[in-house]
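Pasting a structure here, questions to come.
Derivation of every value follows stated rules applied to the coordinates shown; laboratory data play no part. Everything quoted here is computed from the prediction, not taken from an experiment. As a convention, Cβ positions derive from the backbone with ideal geometry for all residues, glycine included, and neighbour counts pool all protein chains shown.
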Amino acid sequence: MSFKVNNVCPACKSLQLSQWFAKPSAADGRRYQICRCAKCESGFVLPRPSTEYLEEYYTGSSQSHAKSIESCTQTEAYEKVLKEEQEFPNSELDATRITGYCRALTSGNNFLDIGAGYGFFSRAALKRGFQVTAIEPTKECRDVFRLMCGMEPVSGMLTCEFVRANSGSFDVVLMSQVLEHIADLDSTLRDLKDLLTPNGIVSIAVPHFGSWLSRFQGRSDMFIVPPEHVNLFSRAGLVALFEQHGLMCCEMHTISRVNVQRVQRRIPVPFFSHFVALGVAELMRLSDTFQRGMFINAYFRKCRA
């Protein structure tokens, strides 16, 4: 049975927050308490891991992106990333779509990619004519980024020093599959607002805690993976969080992406597996029509003072 905890919702600040279940982590062996908000229907890890712990985790080689290429040379890692993308187009499609929306929403050119990963989004932004600055904490990802984009990303996490040095500098700040990892949301939102030019745009992509797939999976939701994911956002929770910091939603939709071959391999009945996998993919596409897809893509504009 759920019960009240002595915390407010990190997204909407409601007191209607209750414990759901404890999730063991394969990454560090700890158990993390997952809580849900009855008002905005988001979920969170509480108590929060410390910022120092998460920074150590992400600058090491234990997180998922780094582990997949840790035994490769830089060139081998780059080729592996491109091969995986070719087999299942995903990041490049998202990068093209999201940077297209960003270009349509702003006439400015200064683009900041926070948690830039392998570099698909920065590369797409460069192709759109943006002047790109990228931040990436994981060495293995920075190595691939360098080969993909022909530039050096800033090493580490978003810092107070970086924010002070670049206040009011960026027309677009992108956080794709990053905000779900952030422990101190309010501090991060203040930093995002400070980094933006007047009328600047924040582009956010996160797993959708209100998707059909998430609701079907329940406690087995594939995106409940602490300590990597400490925030599980609904659409309402995401909007509430940004509006509190003077960032108003100007566009939001959901996107679903299903690897049909991977689903097919998990179904033990060969004759039906292909058709079942196609059915799952079609259902996920349908979920986007009702804004219940797997990922939220949202764009928030800085309100003029």
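5 Å is the cut-off here: which amide hydrogens, built 1.01 Å from N in the peptide plane, fall below it relative to GLN131, excluding neighbours closer than 5 in sequence?
ASN110, PHE111
OK, next. Nearest-5 percent of antiparallel DSSP beta bridges in the range 17-302?
In the range 17-302, DSSP labels about 65 percent of beta bridges as antiparallel.
Still on this structure, I have one more. Using θ = phi - 60° and the Karplus form 6.51 cos²θ - 1.76 cosθ + 1.60, what ³J(HN,Hα) does each residue of the range 222-230 get, whole Hz, x for Gly and Pro?
Result, rounded to whole Hz: 5, 9, 8, 9, x, x, 5, 10, 10.
Additional query: Order these peptides, 288-297, 132-141, 32-41, by their mean beta-carbon neighbour count within 10 angstrom, highest first. Present the calculation step by step, with values, prior to reporting the outcome.
Working: 288-297: 17.6, 132-141: 22.3, 32-41: 19.6.
The peptides rank, most packed first, as 132-141, 32-41, 288-297.
Now, a different point. Which length gain, in nm to one decimal place, applies between ASP186 and ASN7 when the Cα-Cα distance is subtracted from 0.36 nm times their residue separation? Could you put the intermediate results ahead of the total?
Numbers: separation 179, 0.36 × 179 = 64.44 nm, distance 1.44 nm.
Net length gain for the segment: 63.0 nm.
So between ALA281 and ASN259, what do we pick up on full extension, going 0.36 nm a residue minus the alpha carbon distance? Please list the in-between numbers first.
On the way: separation 22, 0.36 × 22 = 7.92 nm, distance 0.79 nm.
Between ALA281 and ASN259, full extension yields 7.1 nm more.
Once R0 is set to 25 Å, what does the formula 1/(1 + (r/R0)^6) return for the Cβ-Cβ distance between GLU79 and LYS127, expressed as a FRET efficiency to the nearest 0.05?
Once the sixth-power term is evaluated, E becomes 0.75.
At a Förster distance of 41 Å, what's the computed FRET efficiency of MET248 paired with GLN19, Cβ-Cβ distance as r, to 0.05? Don't skip to the answer; put the middle values down first.
Values: r = 32 Å, r/R0 = 0.79.
Given R0 = 41 Å and the Cβ-Cβ separation, E is 0.80.
Any chance you could count the Lys pairs in the chain whose alpha carbons are under 20 Å apart, treating pairs 8 or more apart or on different chains as valid?
Final tally of qualifying lysine pairs is 10.
Turning to a different aspect of this structure: Just report the Cα centroid separation between the range 224-252 and the range 132-189, whole Å.
Taking the Cα centre of the range 132-189 as reference, the centre of the range 224-252 is 18 Å away.
Given points 7 Å out from each Cα along the Cα-Cβ axis, report the ALA38 to THR96 separation in nanometres with one decimal.
4.6
Counting Lys and Arg as +1 and Asp and Glu as -1, each charge on the Cβ, what is the dipole of the chain about the Cα centre in debye, to the nearest 20? Can you show the working numbers first?
On the way: 34 positive and 31 negative charges, 191 e Å.
That gives a dipole near 920 debye.
Mind checking which of LEU46, LEU286, ASN166 is farthest towards the positive end of the range 17-302's charge dipole, using Cβ charges of +1 (Lys, Arg) and -1 (Asp, Glu) about the Cα centre?
In the range 17-302, that residue is LEU286.
For SER18, SER91, SER122, what ranking results if the residue with the fewest other Cβ atoms within 10 Å of its Cβ goes first? Kindly include the intermediate steps, with their values, before the conclusion.
Details: SER18 13, SER91 21, SER122 27.
Ascending Cβ contact count within 10 Å gives the list SER18, SER91, SER122.
For every other residue with a beta carbon closer than 12 angstrom to the beta carbon of LEU189, add +1 if it is Lys or Arg and -1 if Asp or Glu, then tell me the sum. Write out the running numbers ahead of the final one.
Values: positive: ARG190, LYS193, LYS302; negative: ASP184, ASP186, ASP191, ASP194, GLU243.
So the surrounding residues net to -2.
If a cysteine in the chain has no other Cys Cβ under 4.7 Å from its own Cβ, put it on the list, ordered by number.
So far as the 4.7 Å Cβ criterion goes, CYS35, CYS72, CYS102, CYS141, CYS149, CYS160, CYS249, CYS250, CYS303 stand without a partner in the chain.
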